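Report on one structure; see the data block that follows.
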Amino acid sequence: MLSIAQRGSILAIALTAYVGEVAQQAAIAAGFNRHLAKPVEPAKLLATILNLLGKKL
């Protein structure tokens, strides 16, 4: 798990086969910024990356 200081400097997306609120909460609790369930649409992945970077598609 990342420390609080590290969470601010590393952006990470959990890309898992697990779907649902519990999986999403577990990923966020583990230090990920976002959670996406596979299979993920490329456009959704790109939009999520741009969102994390503060840009709009």
(request) Go through the range 13-47 and give me each residue that's within 11 Å of the chain's Cα centre (by Cα) and on the phi > 0 side of the Ramachandran plot. (result) Gly31
(message) Name the single residue that is modelled with the lowest pLDDT among those in the range 23-57 being exposed (fewer than 12 other Cβ atoms within 10 Å of the Cβ) and not in a helix (DSSP H, G or I).
(response) Leu57
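The values are calculated or read from the model by the stated rules, or taken from the named source; none is laboratory data. Worth saying up front: this structure is predicted, and the values here are computed from it rather than measured. Positions of Cβ are generated from backbone atoms using ideal geometry, with glycine treated the same way; all protein chains shown enter the neighbour counts.
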